[in-house]
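Here is the structure we will look at, set down as C-alpha cells.
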2 protein chains.
Amino acid sequence: MTADASDIGLGPGEEFDLIRRVAARLGPSARGLGDDCATVPWPGGVLVLSSDMSIEGVHFQREWLQPVEIGWRAAAAAMSDLAAAGAQPIGVLASLGVPRNEGGLTEDIMAGVGEACAAVGAVVLGGDLSRADAITIDVCAVGSADDPVGRGGARPGDSLWLTGQLGGARAALTMWQRHREPEAGARSAFARPEPRVGAGRWLAAHGARAMIDVSDGLAGDVGHIAARSGVRAIVSLDLLPLGPGVDEAAALVGQHPAVFAAAGGEDYQLLVAMPGDFPAAAANTFRAEHELALTEIGRIEQGAGVELLLDGVPQRVAGYDHFG
Amino acid sequence: MTADASDIGLGPGEEFDLIRRVAARLGPSARGLGDDCATVPWPGGVLVLSSDMSIEGVHFQREWLQPVEIGWRAAAAAMSDLAAAGAQPIGVLASLGVPRNEGGLTEDIMAGVGEACAAVGAVVLGGDLSRADAITIDVCAVGSADDPVGRGGARPGDSLWLTGQLGGARAALTMWQRHREPEAGARSAFARPEPRVGAGRWLAAHGARAMIDVSDGLAGDVGHIAARSGVRAIVSLDLLPLGPGVDEAAALVGQHPAVFAAAGGEDYQLLVAMPGDFPAAAANTFRAEHELALTEIGRIEQGAGVELLLDGVPQRVAGYDHFG
C-alpha cells in the first residue's frame, strides 16, 4: 500500500470510492484492501483469502435459484477470487442466515457450498448459522499459492486473454427481470458458475503478470488491472466470446451483444495479462487441458485507463452493479 | 470427526441439532464442523480460522450501539474463538452489508473492526461491501497456533476456570429490552467485549486441556466441553464472578443473579479445563499479568452431561439463543 491509504489502485466507480474511503479511515489497521484476495506470507507459501457476501434481494432473488445453487454460487464466487490469484483453495467458512421456520433450507444451501468445494478439491471447514430476514450467505475461502498473481503486474506489450465466455449470467438476469425463463446455458452460467481454479493455476505457472476474475463486468475489471498496474488497456469487444442467451437478451435491452456481455458480471471467468510473447501453442495446450476457451481480447499499452473498441470505435460501457 | 458425521460432539440444543444435520448432509465435503475454530495444519504451525455473523434485529438493535461498536463486537466475537484455541489472530476479513443511503455507516463500522483488530495486534486484511436491508456483518478471523486447544481434551480430575466476569452483556440486553439504559459497565460488556487473546495464549502455554469462549451462555458452553471430551462437568454457580449490572437485571427477570449470569452469552470470557494440579500460584501470576480475574468454578468428573449447582442444589439453566 502506498503512503496515501486511499490510493489503493482501484478503477473509478461509486462502489470503489467507498472502498477507498474505508481504506483511508482504517489507515495502518488495514493492509492490502482493494485486492481480490488478502495475502499473508507464511512459511512454505502464501496464504490467500477472500470473502464474498450474497444477500437475497440484492444479489439474487429466491425464485431464480434452487437452495443448493445459492450455496454453490456463493462458494464459487469466493473461490473464484483465489483462482484469479493462481491459488489452490483449501476450504471455506460459510456464514449463513435464513428466516425462521424454513425447514431444510440451511442444509440445502450448505450442501451447495459443499458441492462447490468438492468440485475444486476444497472442503467446508466451518461457519456460523444464524437467523436473518433475507437469506444471507458470506463465504470466506482460504487457500495457498507459492507466488500469488495480483492485479498490478501488467506491462506495456502484454496481451489480454479471457477464459470461457462472457454474458451468460447477465443474460439469465435479464430474462428473470422480465419474468421470463432463461435458456439452460444462461441459467447455469448464473446459478452454477465454475471457479476457474485449475485455469488460474496454469496461467500463473505460465507467466501471468496480472489476473482478475470478471465478477463486476469486464469493463470495470479491466479498469482495476489498468489502475493497479499503471498502464492503459485496449480491449476489442469484437473478439469477446459470447455466452449462451446473450444475443436474445442483448436484443431485449437494445445493446450490441458484445457491449451487453462486457457490462455483465458474475460469469467468474478470468481476465489475464500474459507476456506479449505468450505463444499460440501454449494457448492451445491450455484449451486442451482445461476444455475451456482462452481468447486474446486485447493488449496493454503505456498510459492510463481503458479503451473498449467495437469495430475500431471506442465504446462507453457501464460497470456492473449486480442487479441493483 | 467420527464415522457418524452427525456425531460432532456438541451439547444438546435446537441450534446444535441444525449443525449436526448440516454436518451429516455434507459428509466428507466438510471437516471439523462444530468446533469454535477451523484448523488447517500448515508448515510451521496450525492455521486457525473462525467466522461470526451479526445481523441487526437478530444479534443487536441499531439503537443500542454506535456504528463503531457494531464493528468492534463483530470482530471481537470472531477473534474470541481464536483466543479460545490459544491462537494469535493475524487478521480478519469483514463482509458488511448496510442499507443504501446510510452515509458514513460503512466507514464507521469498519473503523470499529479495525480498532478491535489493532487491540490484539491483528489487521483488517480484506472483506466485501454490499447493500442489505438490515446491517449485516460477517467477520472471518485467521490466526495461528503451535498446538490449538480444542474442546475435547478435558479429563476427570481437571478443574474448570473462568476468566473475568459473566452476565454483564445479558444485563445490558435485559435493560435495553425494557427500554431502559444499562449502566456503563454492562453496556461496555455488550458493546466492547475484549477477545481474551493474551489470556488464551497464556492458558494454552500453561497446560489448558480444553477451552471455549462463553458466547452462547456458560450453561451451554460447558455442555460442549463435556460432550466433546466425553466427561461430566460440575459447576458451582455460587462461585461465578458476576458482571456489572447483573444484580439489578436479574431482579428484573426474577432470577438468582448467578443463574442469570450462567444463562447469559456474549461476554466472551474463556472457560478452560486445567489439569487438577494447576497451582494457585500460577493463577495469581495470570491475574497479575493480564489484570483479569481467573476463578475456579468447577471440576471435571467421569460420566456425561453438566451439573450446575447453587448452594449444592442442581439448577436448570437454559442455553442462550441471543435475544431471539
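Observations, loosely collected:
- B:ILE55 being under 28 Å from A:GLU56 (Cβ atoms) and either of a type in the set (A, V, I, L, M) or surrounded by 24 or more Cβ atoms within 10 Å (Cβ to Cβ) (or both): yes
- Residue list for segment A:115-145, restricted to those being modelled with pLDDT under 95 and of a type in the set (D, E, K, R): A:ASP128, A:ARG131, A:ASP133
- Members of segment A:93-113 that are facing another protein chain (nearest Cβ under 7 Å) and either in a helix (DSSP H, G or I) or not aliphatic (A, V, I, L, M) (or both): A:SER95, A:GLY97, A:THR106, A:GLU107, A:MET110, A:ALA111
- Of all residues in segment B:200-212, those satisfying the criterion of being crowded, with 24+ Cβ neighbours inside 10 Å and among the small types (Gly, Ala, Ser) are B:GLY200, B:ALA208, B:ALA210.
- The set of residues in segment A:114-125 that are more than 8 Å from chain B (Cβ to nearest Cβ) and either of a type in the set (A, V, I, L, M) or touching a Ser or Thr at 6+ places or on another chain (Cβ under 8 Å) (or both) comprises A:ALA116, A:ALA119, A:VAL120, A:ALA122.
- Condition check for B:LEU96: of a type in the set (A, V, I, L, M), under 30 Å from B:GLU248 (Cα atoms), out of contact with any Cys (no Cβ under 7 Å at 6 or more places or on another chain) and buried (at least 21 other Cβ atoms within 10 Å of the Cβ): no
- Qualifying positions in segment B:150-181 - within 16 Å of the chain's Cα centre (by Cα) and either surrounded by fewer than 23 Cβ atoms within 10 Å (Cβ to Cβ) or in a loop (DSSP other than H, G, I, E, B) (or both): B:GLY150, B:ARG151, B:TRP161, B:GLY164, B:GLN165, B:GLY167
- Qualifying position, being facing another protein chain (nearest Cβ under 8 Å), part of a loop (DSSP other than H, G, I, E, B) and of a type in the set (D, E, K, R), among A:ASP138, A:ASP147, A:ASP133, A:ASP128: A:ASP133
- In summary, B:MET79 fulfils each of the numbered conditions (1) in contact with a helix residue (DSSP H, G or I) (Cβ under 6 Å, 6 or more places away or on another chain); (2) more than 9 Å from every other protein chain (Cβ to nearest Cβ); (3) surrounded by 24 or more Cβ atoms within 10 Å (Cβ to Cβ); (4) not polar (S, T, N, Q) with the single exception of condition (1).
- Cβ-Cβ distances below 6 Å connect the following pairs, each with a first residue in segment A:162-178 that is closer than 24 Å to A:ARG299 by Cα and assigned by TED's automatic domain parsing to the domain that holds A:GLY200, a second residue that is assigned to a helix (DSSP H, G or I) and of a type in the set (Val, Ile, Thr), and a separation of six or more residues or different chains: A:GLY167/A:VAL246.
- Residue in segment B:9-48 that is nearest to the other protein chains (Cβ to nearest Cβ), counting only those that are touching a Ser or Thr at 6+ places or on another chain (Cβ under 8 Å) and part of a strand (DSSP E or B): B:ALA38
- Search result, residues across segment A:49-72 that are touching a strand residue (DSSP E or B) at 6+ places or on another chain (Cβ under 7 Å) and either polar (S, T, N, Q) or at the interface with another protein chain (Cβ under 9 Å from one of its Cβ atoms) (or both): A:LEU49, A:SER50, A:SER51, A:ASP52, A:MET53, A:SER54, A:ILE55, A:VAL58
The values are calculated or read from the model by the stated rules, or taken from the named source; none is laboratory data. Fair warning: this is a prediction, and the values are worked out from it, not measured in the lab. Using ideal geometry, Cβ is built from the backbone for each residue, glycine included, and neighbour counts are taken over all protein chains shown.
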